[in-house]
Amino acid sequence: MIMRLLRQNPIRPITHQHDRLSSSPAVCDSIDTLLSCLDITHRAVIDINIGRSVEIPSPCPFMFMALSNHFAYHETISLKIIKSVAKHIYLTEDLQQKISTCLHEGILNAIIHGNLHLHDTYETMEEMERFHNEIDKRLLSSRYASSYVSIEVHHMPSELIFIIKDQGKGFDYISQACSGKFTAHGNGIPIMKTLASDLWYEDSGSKLILKFSLHNRLQEVGLEHIKKRVSSSTILIIDDQEFNQLLLGDLLKRHDFSNLTFASNGQEGLDMTIKLNPNIVILDLMMPVMDGFDYCQRIRKVPNFSHLPILVQTGMESIENRNKIFECGASDLVTKPVNPDEFIARVNIHLEHQLLMDDLKQYQKRIVKELDEARIMQDMLMPSPSTLSHKQRHYKFRVAHHFETSSEIGGDFWGVRRINDNIMAIYMCDFSGHGVTGALNTFRLHTLMHELMPTYGDNPGNYLEILNSRLFELINRSQFTTIFYGIIDTNDETLSYATAACPTPILWHADKQRCSQLDGSGFPLGAVEQSKYETKTTAFKKDDLLLLYSDSLIETENDAGEFISEEDLVNILEATARSHPEKHRVFVERIVLNEVMKYFHTHSKAPLKDDLTVNVYVRY
Amino acid sequence: MEYSVHKNLDRTITVKLSGQFTSKDSVHFRTILTLLHNDKLETFTLDFEALEFIDSSALGMLLMLRDEAEKKRVYLELSHTHGHIRKMFEVTKFNQLFNLLHP
């Protein structure tokens, strides 16, 4: 997608524009907040870039700001930065507080020790006041006025990284801050060290890197919950020695396990296991009636007990017997005499694993179910067979369609809709991203499209412009959609269309016996405010064919790293149309679709990376 | 930062701070420090209830206040160290250096 966008709409690099507030269309929401707080006379320079970092290998959205000394020295700037970051990334209040404190300290150091070249220390009130007066003086002097502090924010999967750079000659922060004692000055770094997950200086001290882990609070709560469930687990102890039962029972009780049951041989243990469904079994080997080996083998054959943790306690030293007990199905073993700490640790670990696995399985089950429901809903965005056949008869066209998603739900959809008795709209959209994000956005777009179509749908260019401005307000800057939107006029036998970064549509002209490639260019919808879209019109007569497809058709590589080209598609379309003379052309659109899909599947055998939609329209 | 001074018979002084207490408040703080120059003064309270933010330089100033109070044999206490401010005190272990009231 990105490749295609760059090809069609080369994006101008955003450069730092000092003394001027950037109004680049790529500036994201967060900056709006910052701008609203800005006094332009403070000479704030702000730039927010959506792109990829060159310094950090993994792709991450990144935000860049350059603030003049005077503005950055403002005590609330760190709070404002973190508030705007928090609009995009979920951060707990506590983490926001920590980050804003660190940013405050980091920026202050960057200005005072970096840009203003002030390296003095102070012990007394008088010295401190002199120091601060000097700061104020230098902030106002023209010599230091042009320097600024830049702040980069990188959002990584599990951490947030801030890079604070100044334009000074560097400063030895480490020797300033390693006394370990808090004094009248130089407390900033120790404070940051306590609050951030990690921090270090580079470029002789003119670049500070602050890292914060993004712990998922829910996850932590979940683990807390697991711990509680561990101690309320049911434990079955199978041992024929009453003394051992007492010993282990007492040990477990001392570690907050209260749900204990005892059995004195394998047979009794088997019955109680099935009856009680314990979370873990502590098993002795040598017992009358039925020994531990037998118990293990039998219980593993009972449905639902194949994963029950069985912790065997054994006095046997021989490796053969140890191997044998594992072969029979034990999960783990401890040797007698039991080491209390080891025993409790093993019980805990097996219970935690078991509970976490149960949780995961349930979670997965729920997600699969929800995604299934979501997919059914998404299928309903596409035309149903009955509405389609009704429209096909009325407007004298047929459409063959193929739709598959790369994950459970996708970001593509297509459709046809009545505008009036002679005019019908056809469209195909591909939202950036697939999976849940893409899918959620398709619902928004679908609603919006249908809301606006009755009023604006008869003018494709105008329709896309309105759709774009509405979408621009709704969605995140990093999200956008490509679209082909056309109207088929059955009176004039024309197709009028407008496009937003969609793959080249291909049109077969039956009268000329050849194909033409339509222009699919245009800014993607939702990416650039007030984009213009042109309505183009072409003849679309009886027996003409129109091929529309999402970009994964031409952006899926084969083993040799080659892509399907537009020319390949033209060739398929021309060859198929020519080889099916008119009297045999009953389902030519299906034949074309089959040929395209056949070519795609022989070309690329790898699983789909993105959603794939292909439509072939024919007029009759 | 803003502050207000409440005196009680010259023996106790309470200074209520509000807003943000940062490196820029050194002048203000100097004035607050001069309040210690009073022979009858026994207890000096800094009230943080309305304070929203405190930074490392401000903590440095508090250390100076503490030294000055010790010299003048004035009992210094800090009250209502809440939320973020409380955290800063914990992080820096300043809670062990000061007498905290209504923490």
Residue hits (the stretch B:86-95; part of a helix (DSSP H, G or I), touching a Phe, Trp or Tyr at 6+ places or on another chain (Cβ under 8 Å) and within 17 Å of A:Ala196 (Cα to Cα)) are B:Met88, B:Phe89
In the stretch B:57-73, anything in contact (Cβ under 8 Å) with a residue 12 or more places away in the chain, within 12 Å of chain A (Cβ to nearest Cβ) and not aliphatic (A, V, I, L, M) is listed as B:Ser57, B:Arg66, B:Glu68
For the stretch B:95-103, state whether one or more residues are within 13 Å of chain A (Cβ to nearest Cβ), under 10 Å from the mean Cα position of the chain (by Cα) and closer than 17 Å to A:Glu129 by Cβ. no
A:Asp294: passes all of (1) assigned to a helix (DSSP H, G or I); (2) under 42 Å from the mean Cα position of the chain (by Cα); (3) not aliphatic (A, V, I, L, M) but (2)
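One line per residue, one yes/no per condition, for (1) among the hydrophobic types (A, V, I, L, M, F, W, C); (2) surrounded by fewer than 14 Cβ atoms within 10 Å (Cβ to Cβ); (3) over 22 Å from B:Leu33 (Cβ atoms):
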residue	(1), (2), (3)
A:His113	no, no, yes
A:Leu116	yes, no, yes
A:His119	no, yes, yes
A:Met128	yes, no, no
A:Phe131	yes, no, no
A:Glu134	no, no, no
A:Arg143	no, yes, yes
A:Ser147	no, no, yes
A:Ile151	yes, no, yes
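Each row is one residue, and each column tells you yes or no for (1) of a type outside the set (S, T, N, Q); (2) surrounded by fewer than 16 Cβ atoms within 10 Å (Cβ to Cβ); (3) outside any helix (DSSP H, G or I); (4) touching a residue at least 24 places away in the same chain (Cβ under 8 Å).
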{"site": "A:Glu557", "(1), (2), (3), (4)": "yes, yes, yes, yes"}
{"site": "A:Glu595", "(1), (2), (3), (4)": "yes, no, no, no"}
{"site": "A:Phe600", "(1), (2), (3), (4)": "yes, no, no, yes"}
{"site": "A:Thr613", "(1), (2), (3), (4)": "no, no, yes, yes"}
{"site": "A:Val616", "(1), (2), (3), (4)": "yes, no, yes, yes"}
Do you know which of the residues in the stretch A:333-364 that are loosely packed, with under 14 Cβ neighbours inside 10 Å and in contact with a strand residue (DSSP E or B) (Cβ under 7 Å, 6 or more places away or on another chain) is nearest to A:Tyr295 (Cα to Cα)? A:Lys336
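Only strands (runs of 3 or more DSSP E) wholly contained in the stretch A:164-273 count here; list those with 1 or more residues that are closer than 22 Å to A:Gly114 by Cα and modelled with pLDDT under 90.
Answer list for the stretch A:164-273: A:198-202.
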With (1) over 20 Å from B:Arg30 (Cβ atoms); (2) more than 7 Å from every other protein chain (Cβ to nearest Cβ) as the list, and B:Val91 as the residue in question, which single condition is left unmet? (2)
Examine the stretch B:74-81 for a residue that is free of Cβ contacts under 8 Å to residues at least 40 places away in the same chain, in a loop (DSSP other than H, G, I, E, B) and at the interface with another protein chain (Cβ under 7 Å from one of its Cβ atoms), and state whether such a residue exists. no
Kindly provide the set of residues from the stretch B:55-103 that are within 27 Å of A:Leu95 (Cβ to Cβ) and charged (D, E, K, R), ordered by number. B:Asp55, B:Arg86, B:Lys87, B:Glu90, B:Lys93
Just the residues that are more than 14 Å from chain B (Cβ to nearest Cβ), farther than 20 Å from A:Asp198 by Cβ and either in a helix (DSSP H, G or I) or of a type in the set (S, T, N, Q) (or both), please, taken from the stretch A:84-116. A:Ser84, A:Ala86, A:Gly114, A:Asn115
Exactly one of these conditions fails for B:Leu35: (1) buried (at least 18 other Cβ atoms within 10 Å of the Cβ); (2) within 12 Å of the chain's Cα centre (by Cα). Give me its number. (1)
Checked the stretch A:68-83 for anything part of a helix (DSSP H, G or I) and under 21 Å from A:Lys165 (Cβ atoms); matches are A:Asn69, A:His70, A:Phe71, A:Ala72, A:Ile77, A:Ser78, A:Leu79, A:Lys80, A:Ile81, A:Ile82
Is there a residue in the stretch B:30-40 that is modelled with pLDDT of 85 or more, in contact with a Phe, Trp or Tyr (Cβ under 7 Å, 6 or more places away or on another chain), within 11 Å of chain A (Cβ to nearest Cβ) and under 25 Å from A:Leu95 (Cα atoms)? no
Filtered residues of the stretch A:274-327 (kept if of a type in the set (Lys, Arg) and at pLDDT 90 or above): A:Lys275, A:Arg298, A:Arg300, A:Lys301
Scanning the stretch B:1-21 for residues that are modelled with pLDDT under 90 and out of contact with any Leu (no Cβ under 8 Å at 6 or more places or on another chain), the one farthest from the other protein chains (Cβ to nearest Cβ) turns out to be B:Leu9
Condition met for A:Thr504 (within 30 Å of the chain's Cα centre (by Cα) and polar (S, T, N, Q)): yes
Yes/no for A:Tyr497 being in contact with a Leu (Cβ under 8 Å, 6 or more places away or on another chain), at pLDDT 90 or above and farther than 20 Å from A:Tyr620 by Cα: no
Name the single residue, out of those in the stretch A:315-330 being closer than 15 Å to A:Asp284 by Cβ and small (Gly, Ala, Ser), that is surrounded by the fewest Cβ atoms within 10 Å (Cβ to Cβ). A:Gly315
Residues satisfying the stated conditions in the stretch A:314-340, i.e. of a type outside the set (Val, Ile, Thr), in contact (Cβ under 8 Å) with a residue 40 or more places away in the chain and not in a helix (DSSP H, G or I): A:Ala330
Which members of the stretch A:117-130 meet the condition of being away from every other protein chain (no Cβ under 11 Å) and among the basic types (Lys, Arg)? none
Filter the stretch A:553-600 for residues that are modelled with pLDDT under 85, under 36 Å from the mean Cα position of the chain (by Cα) and not acidic (Asp, Glu) and give the result. A:Thr556, A:Asn558, A:Ala560, A:Gly561, A:Phe563
For the subset of the stretch A:523-541 comprising residues that are more than 26 Å from the chain's Cα centre (by Cα) and modelled with pLDDT under 90, which member is surrounded by the fewest Cβ atoms within 10 Å (Cβ to Cβ)? A:Gln530
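Report whether or not A:Ala425 is assigned to a strand (DSSP E or B), of a type outside the set (D, E, K, R) and either buried (at least 18 other Cβ atoms within 10 Å of the Cβ) or in contact with a Leu (Cβ under 8 Å, 6 or more places away or on another chain) (or both).
Details: assigned to a strand (DSSP E or B): yes; of a type outside the set (D, E, K, R): yes; either buried (at least 18 other Cβ atoms within 10 Å of the Cβ) or in contact with a Leu (Cβ under 8 Å, 6 or more places away or on another chain) (or both): yes.
Taking the combined requirement at face value, the residue satisfies it.
The values are calculated or read from the model by the stated rules, or taken from the named source; none is laboratory data. Just so you know, these numbers come straight off a predicted model, no measurement behind them. Every residue, glycine as well, gets a Cβ built from its backbone with ideal geometry; the counts of neighbours run over all protein chains shown.
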